[in-house]
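Following: one structure in structure tokens, then a few remarks.
We did not get these values from a lab; they are worked out from the coordinates using the rules stated. Since we're looking at a predicted model, the values are computed, not measured. Methodologically, a virtual Cβ is constructed for each residue, glycine included, from the backbone with ideal geometry; neighbour enumeration extends over all protein chains shown.
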Amino acid sequence: MNPSKLWASSLAVVSNLYERTIKGLSRGLRCRLCLGLSEETLCPACCADLPWLPAMQRMRHRPYGPELAAFSYEFPINALIVSAKYHRAIGTCRLLGELLAVSLARPAEPVDCLIPVPMPWGRVLKRGYNQAEEIAATLGRAWDIPLRVDALKRRGWQPQQQGASRRVRRANLKAAFIAQAELAGRAVLLVDDVATTGATLEACAEALYKAGTSRVGAVVVARTT
Ligand SMILES: [Zn+2]
């Protein structure tokens, strides 16, 4: 894509959000970030200020396949992601899913299903939900791609990955995931909130390929760069 087309595509995303936001200012709703009047969850100024990744940096080649991200993991997206994880904020998960849907184009190649990165069951019990699943559900509705939450499972308890080195993460994650054989021959997209080292997504992809999945890609809200 030439630079003018890239610019036009980024501009179209911001304009789309702006129009949706402007539509219902009269309804007296407030922007989630600045608390100004806004029909949509985020006002135009806050939308424009989000740490959008330039179009050319959204796709990154990983060993298993392409990884798409909409944002750089910076304020306020990092704060929204933390809120989605720890503050029982299902609405924030949906907002992140909507932002993904409006900023990333639906993949051109066929995708059979979206698979949220599973959390250890103990953490799901504690939080009451898996934020990746909520984000994937919103994205799946927007892209009209079915969601499969039972196709990839996490074995037992896993230590927190936050703050761990890449080597330690890999050791922790080795053999942590198991995929259903019915995924053989399918093309799937993993969905998660944030990609740091990419080790979790790689471990998921490894389990999926072991089950015979034909193609694996990933979509994340934000990437640490
Ligand atoms: Zn705002």
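Here are some notes:
- Complete set of residues in region 117-149 that are over 15 Å from the mean Cα position of the chain (by Cα) and of a type in the set (Val, Ile, Thr): Val124
- For region 32-54, a residue qualifies if it is more than 12 Å from the ligand (Cβ to nearest atom), more than 21 Å from Thr200 (Cβ to Cβ) and under 16 Å from the mean Cα position of the chain (by Cα), and the qualifying residues are Pro51, Trp52.
- Residues in region 65-111 that are surrounded by 14 or more Cβ atoms within 10 Å (Cβ to Cβ) and among the basic types (Lys, Arg): Lys85, Arg94.
- Helices (runs of 4 or more DSSP H) within region 44-157 that include 1 or more residues in contact (Cβ under 8 Å) with a residue 60 or more places away in the chain: 77-86, 90-103, 131-143
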